[in-house]
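Worksheet for the structure shown next.
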Amino acid sequence: MTFRYYDWVAHHARAHGHKTAAIDLATQRRFTYSEWDERIDRLAAHLASLGVARGERVGVLAPNTTDTLEVQFACFRLGAIFVPLNIRLTVHELEFILTDAGARLLVYDHEFDTMAVDLKARCNIAHLLQYGAPYEQAIEASPRLEQRNDVQMTDVSTIMYTSGTTGRPKGAMITHLMSFINCINLGLPARITPSTVHLSVLPLFHTGGLNCYTNPAIHAGGAVLIMRAFDPGDALRLIGDANIGITHFFGVPSIYQFLCQHPAFPHTDVSRVEVAGVGGAPMPVPLLKIWQERGLALMQGYGMTETSPAVLALDPEDAARKAGSTGKPVLHADVKIVDADGAEVKPGEMGELWVKGPNITPGYWNRPDANKTSFTDGWLHTGDAARMDEEGFYYIVDRTKDMYISGGENVYPAEVEDVLYQLPQIAEAAVIGAPDETWGETGMAIVAVKPGQTITEAAIVAHCRERLARFKCPQRVAFVEALPRNATGKVHKPTLRRTFLEAADA
């Protein structure tokens, strides 16, 4: 049995259309649910006139704006698939993603005008639509949508691309059911209600920005304030403004670090914030304590793009007692920790975290190879090493994969290494994550140069910056005669970490 997708915005427009739905902080535009519902309807009609039909993919390349949320919901009304794109990526990276997705339309911000035209030609995209005057004119000139498609909860609503361990990004398919389940899984512990006023500062092209807590707040009929790009001073001003009444906030650890380092932090009243969530990377305990001393216990959690994303959540009441834990499983998710043979381990023992439930992706777009290796009997292999204590609290201990997290962004060394190997002077290359006070971790490249060749650190970094998003680029380069390898010939990264990271700490 399947169930129909019910449109959240349309429901709230009927139930309490006068309520504020969204505020675009950069332009100071604000929309009630009734106004938003009409705009989304007219936008959907315009997209349909461009041939965007059920199952068609629509890419969005833009900084945060309420317009992107309109595109998301317009796609949902048509049964089309929303594909948010990381604005930090280069043309080369976006070319692969848009070609892989087979996007029919690319919606973009004016600052990406040249890039959008280039991508249209490279990726055989049928249409472009620029935010601003062209976007507004399209909405104004279009009628309301006459007929909405019969969209099912199991239909794919979104494709979010994550960096791949083999160097190729993977498009995690997100269904309407997954998003709905996340509104429950995350909305209950975060106490999201129709009275919620959420300040959204993380990029909407990430599951953290879109689904923690932006979409859940809209699902509940609350209000979302969208910040174009995070600014700690502006964020603190908004949080402290009693007339705005921010109740919810979510950030990666570096966001909270920037906030508490700002001169306005000691004087900002944070008492109106009911829930401040943190995820995306391990949260340093000293940073947790700074916020606890201000009377705001951060709600830690764990999730992935593939899990929509909530998997584990730590109640603020347990934040001090269980510092370092990511909490317990959310309502609609099965979680277990297994050994190398897939057998469940005992409390206190470390293994790989597996997740199963209605919050799990049905698979990766166009990647049957990844689908075969990422699932066992419906259990998603997270690739993260974890342990559970005697009280049932989970701790993410390490990563079984080589991925590291820089400023909340997942970085897979294989992708960076592929770019390094494009340099003819390099014989061998490996990338590891090195601790960084600001970003949590940044990349360190260890390279061996071919005999008779020379290349500088600056040239290597410049090469990477032309081909990779800045957060993926190595910040340091070390030169060696040869990389350490194990008996099978694989580069032994534990040796590299001991040599370059532990030696630096000694």
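None of the figures in this text is laboratory data; all of them are computed from the coordinates on show. As the structure is a prediction and not an experimental result, all values here were calculated from the model. Here the Cβ is made from the backbone with ideal geometry for all residues, glycine too, and neighbour counts use every protein chain on show.
Results, tabulated for the structure shown:
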read-out	value
Relative exposure of Trp379, Trp36, judged by other C-beta atoms within 10 Å (fewest first)	Trp379, Trp36
Pairwise FRET efficiency - Asp118 versus Leu331, Cβ, R0 = 60 Å, nearest 0.05	0.85
Percentage relative contact order, the chain, counting C-alpha pairs under 8 Å, at least six apart	11 percent
Residues of type lysines that Lys493 reaches as a straight line, Cα spacing below 25 Å, ignoring anything fewer than 8 places off in the same chain	Lys170, Lys401, Lys450, Lys472
Of all DSSP beta bridges in the chain, antiparallel share, percent nearest 5	60 percent
J(HN,Hα) series, segment 112-128, from Karplus relation 6.51 cos²θ - 1.76 cosθ + 1.60, nearest Hz, glycine and proline x	10, 4, 5, 5, 4, 4, 4, 5, 4, 6, 5, 10, 6, 7, 6, 9, 10
Förster-model FRET efficiency, 35 Å R0, Glu317 and Val345, C-beta, rounded to 0.05	0.80
Contour excess over end-to-end distance, with Cα ends at Asn243 and Leu501 and 0.36 nm allotted per residue	88.1 nm
Segment Gln425-Ala133, length gained on full extension (0.36 nm per residue, minus Cα span)	100.3 nm
Folded to 0 to 90 degrees: helix 91-101 orientation relative to the chain principal axis, Cα	60 degrees
Amide N of segment 180-206 lying under 13 Å from the label point, which is placed 7 angstrom from the Cα of Asp234 along Cα→Cβ	200-203
Between helix 66-78 and the chain: long-axis angle, C-alpha atoms, 0 to 90°, nearest 10	80 degrees
Spatial separation of Cα centroids for segment 288-366 and segment 441-464, in angstrom	37 Å
Segment 404-505: antiparallel DSSP beta bridges as a percent of all, rounded to 5	75 percent
Label-point separation, Asp377 to Gln453 (7 Å along Cα→Cβ), nm	4.8 nm
Ellipticity estimate at 222 nm from DSSP helix runs (n ≥ 4, -39,500 (n - 2.57)) divided over the chain, nearest 500	-8500 deg cm²/dmol
Stretch gain in nm, segment Thr99-Ala462, where the contour uses 0.36 nm per residue and the Cα spacing is subtracted	128.1 nm
Relative contact order %, segment 69-185, counting alpha carbon pairs below 8 Å whose residues are six or more apart	27 percent
Cα gyration tensor shape of segment 404-505, rounded if a/c is under 1.5, else prolate or oblate by comparing a/b with b/c	oblate
Order of Lys372, Lys336 - criterion: other Cβ atoms within 10 Å of each residue's Cβ, fewest first	Lys372, Lys336
Highest to lowest packing among 148-160, 264-276, scored as the average C-beta count within 10 Å	148-160, 264-276
Ser34, Ser308, Ser179, Ser195 arranged by Cβ crowding within 10 Å, fewest neighbours leading	Ser195, Ser34, Ser179, Ser308
Dimensionless Rg over Rh [the chain; C-alpha; Kirkwood]	0.96
Rounded to 10°, Cα long-axis angle of helix 33-49 versus longest principal axis of the chain	80 degrees
